[in-house]
Amino acid sequence: MLPERERFSTFREEFARQNLALDVIDHSGGRPRIDVTYLPLGTVGVCSIVTAPAEFIRDKHHLKNSSGDFGLNIIKAGPVQFANAGQERVYDAGSACLIDRGRPMRVFGPRGGSVRYVTVQAAALKSLVAHPEDLSGRAVRPGPALRLLDSYLRSLASLGQPRSSELASTIGVHLLDLVAATLGPTAEAANIVAERGVKAARLQAILAEVARRFSDPNFDLDNVAGGLGMSRRYVQKLLEGTGKSFTDHLAGCRLERAFAMLTDPHHLHLAIIDIAFAAGFGDVSHFNRLFRRRFGATPSGVRAASSMRKQK
């Protein structure tokens, strides 16, 4: 909305300093670009930033009205240099670090960068992790909890703004637990974290795997369990909480895909048997039975009705 020559100065003065409480220095050679998205989730916030070469500095004068939050940063594209709490390190894609946002910090991406991070209120994190300030400015150890957190954050990208404050709060609690699990919860908090946020993230990872691979006719429960490092029984137990079995979820994804193809004019050249196979079904008779039970009509009937509506 602004003239190009005014965009960076406006971002730096009106947004970065007032909203992010930091200074921004352009290192792009006069072609700055910074994309920021932020999702508030109760006591937790999720932010994604993609930037051309730039430097972000938070000095003592920025901290006057700042809350003592912590930020767990996952680097998606780097290298990115973080300086915080007396530590200064360079991180490449796939690595992560904890930042104490109540202390001065400097973030520098000499070739640009992409970072996704979770901000957590200090009091909330300290209720689950002992002395997180001692971990500030340091690399976070890779492991299953960090992978679950990263997967959960990716799933939020398609969520947009949660439709209710209750849902936002629930997601925030899950993320708090995943951050705690990544850093190392106290003995007292370990069971709470495992039964709450970690379990929710594992269920989300299972459903995401089904949604990603359902069209493979050989995809089965063993593939999910093996790919995610879980036992068959544990996967089944988590899915029981949804009221549907693995088979139900798999068939549901396949049926929705088949329905979308049958009602899409771009797939009119495909025979129904080809659509069934493309959706992951290996038996056409089985596909027809499930389809009619789900949608109350045959695949050919759905395709015909869709064609007639489009012709009107």
Answer from 248, 283, 264 - the residue that is free of Cβ contacts under 8 Å to residues at least 12 places away in the same chain, among the charged types (D, E, K, R), farther than 22 Å from residue 222 by Cβ and touching a helix residue (DSSP H, G or I) at 6+ places or on another chain (Cβ under 9 Å): 264
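Rundown of residues vs (1) modelled with pLDDT of 75 or more; (2) surrounded by fewer than 17 Cβ atoms within 10 Å (Cβ to Cβ); (3) among the charged types (D, E, K, R); (4) in a strand (DSSP E or B), yes/no style:
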{"residue": "5", "(1), (2), (3), (4)": "no, yes, yes, no"}
{"residue": "18", "(1), (2), (3), (4)": "no, yes, no, no"}
{"residue": "25", "(1), (2), (3), (4)": "yes, yes, no, yes"}
{"residue": "35", "(1), (2), (3), (4)": "yes, yes, yes, yes"}
{"residue": "47", "(1), (2), (3), (4)": "yes, no, no, yes"}
{"residue": "70", "(1), (2), (3), (4)": "yes, no, no, yes"}
Quickly run through region 54-68 and pick out the residues that are without any contact (Cβ under 8 Å) to a residue 24 or more places away in the chain and open to solvent by less than 30 Å² (accessible area, probe 1.4 Å). none
Which one of 111, 103, 89 is touching a strand residue (DSSP E or B) at 6+ places or on another chain (Cβ under 7 Å), over 8 Å from residue 137 (Cβ atoms) and among the charged types (D, E, K, R)? 103
Pairs only if they're at least six apart or on different chains, beta carbon under 8 angstrom, first in region 214-227 and without any contact (Cβ under 8 Å) to a residue 12 or more places away in the chain, second open to solvent by 60 Å² or more (accessible area, probe 1.4 Å) and of a type outside the set (D, E, K, R); list them, first residue then second. 225/231; 225/234
Scanning region 240-262 for residues that are open to solvent by 60 Å² or more (accessible area, probe 1.4 Å) and in a helix (DSSP H, G or I), the one farthest from residue 144 (Cα to Cα) turns out to be 259
Quick one: is residue 138 under 15 Å from residue 97 (Cα atoms) and without any contact (Cβ under 8 Å) to a residue 12 or more places away in the chain? no
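Residues checked against (1) in contact with a Ser or Thr (Cβ under 9 Å, 6 or more places away or on another chain); (2) of a type in the set (Ser, Thr, Tyr); (3) closer than 26 Å to residue 206 by Cα:
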{"position": "256", "(1), (2), (3)": "no, no, yes"}
{"position": "261", "(1), (2), (3)": "no, no, yes"}
{"position": "265", "(1), (2), (3)": "yes, no, no"}
{"position": "272", "(1), (2), (3)": "yes, no, no"}
{"position": "281", "(1), (2), (3)": "no, no, yes"}
{"position": "287", "(1), (2), (3)": "no, no, yes"}
{"position": "299", "(1), (2), (3)": "no, no, no"}
Given (1) in contact (Cβ under 8 Å) with a residue 60 or more places away in the chain; (2) in contact with a helix residue (DSSP H, G or I) (Cβ under 8 Å, 6 or more places away or on another chain), where does residue 204 come up short, assuming only one miss? (1)
Scan region 227-239 residue by residue and report those that are at pLDDT 90 or above and either open to solvent by less than 60 Å² (accessible area, probe 1.4 Å) or assigned to a helix (DSSP H, G or I) (or both). 232, 233, 234, 235, 236, 237, 238, 239
Would you mention how many residues in region 72-99 are of a type outside the set (Asp, Glu), part of a strand (DSSP E or B) and touching a residue at least 40 places away in the same chain (Cβ under 8 Å)? 14
Region 263-312: helices (runs of 4 or more DSSP H) wholly inside it with 1 or more residues that are open to solvent by 40 Å² or more (accessible area, probe 1.4 Å) and hydroxyl-bearing (Ser, Thr, Tyr) are 284-295, 299-311
Mind listing whichever residues of region 79-95 are open to solvent by less than 30 Å² (accessible area, probe 1.4 Å) and within 17 Å of residue 50 (Cβ to Cβ)? 79, 80, 82, 91
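The values are calculated or read from the model by the stated rules, or taken from the named source; none is laboratory data. Given the structure is predicted, the values throughout are model-derived calculations rather than measurements. All Cβ positions, even for glycine, are placed from backbone atoms using ideal geometry, and neighbour counts span all protein chains on display. SASA here: full protein model, heavy atoms, side chains in, ligands and nucleic acids out. Shrake-Rupley method; radii C 1.70, N 1.55, O 1.52, S 1.80 Å.
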